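Right, one structure below, let's go through it.
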Amino acid sequence: RRRSGVSKAILPYYFDSKENLTLLTMRWVLARVAQRIRRAIAEADTAEEASTVVRALVDGRFTQWIQEKDWKDTHEKYRETCKRSVLTYLTASA
């Protein structure tokens, strides 16, 4: 709070609740992680680098999935998106 220079009382005004602030913060972090993953994918040129990128893709999608309120219902969607992402990455240079 001190570092931001923002009053603690103003946070609920903009974010409605602590839960919403937490959720928005996590989404912001995940967006940055996705950005780094895309950069790593673009730069990977060896099998070792590629395996790290595939693992990052899977971990990233998993992290997003477990944050869903209806995680049971969205499992199939996230599984398919993850599968497509990995296959797209692996076949892009083929």
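The values are calculated or read from the model by the stated rules, or taken from the named source; none is laboratory data. Quick caveat: nothing in here was measured; it's all calculated off a predicted structure. For neighbour counting, all protein chains shown are included, and Cβ atoms are generated from backbone atoms with ideal geometry for every residue, glycine included. Protein only, heavy atoms only, side chains kept; ligands, DNA and RNA dropped before computing areas. Shrake-Rupley method; radii C 1.70, N 1.55, O 1.52, S 1.80 Å.
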Which of the residues belonging to region 64-86 are farther than 20 Å from T22 by Cα and either touching a strand residue (DSSP E or B) at 6+ places or on another chain (Cβ under 7 Å) or open to solvent by less than 90 Å² (accessible area, probe 1.4 Å) (or both)? T74, H75, Y78, E80, T81, C82, S85, V86
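What about R61, is it among the charged types (D, E, K, R) and open to solvent by 70 Å² or more (accessible area, probe 1.4 Å)? Outline the logic, then answer.
Numbers: among the charged types (D, E, K, R): yes; open to solvent by 70 Å² or more (accessible area, probe 1.4 Å): no.
No; evaluated as a whole, the condition is false for this residue.
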The listed residue being modelled with pLDDT of 85 or more and open to solvent by less than 80 Å² (accessible area, probe 1.4 Å), out of A31, A56, A40: A56
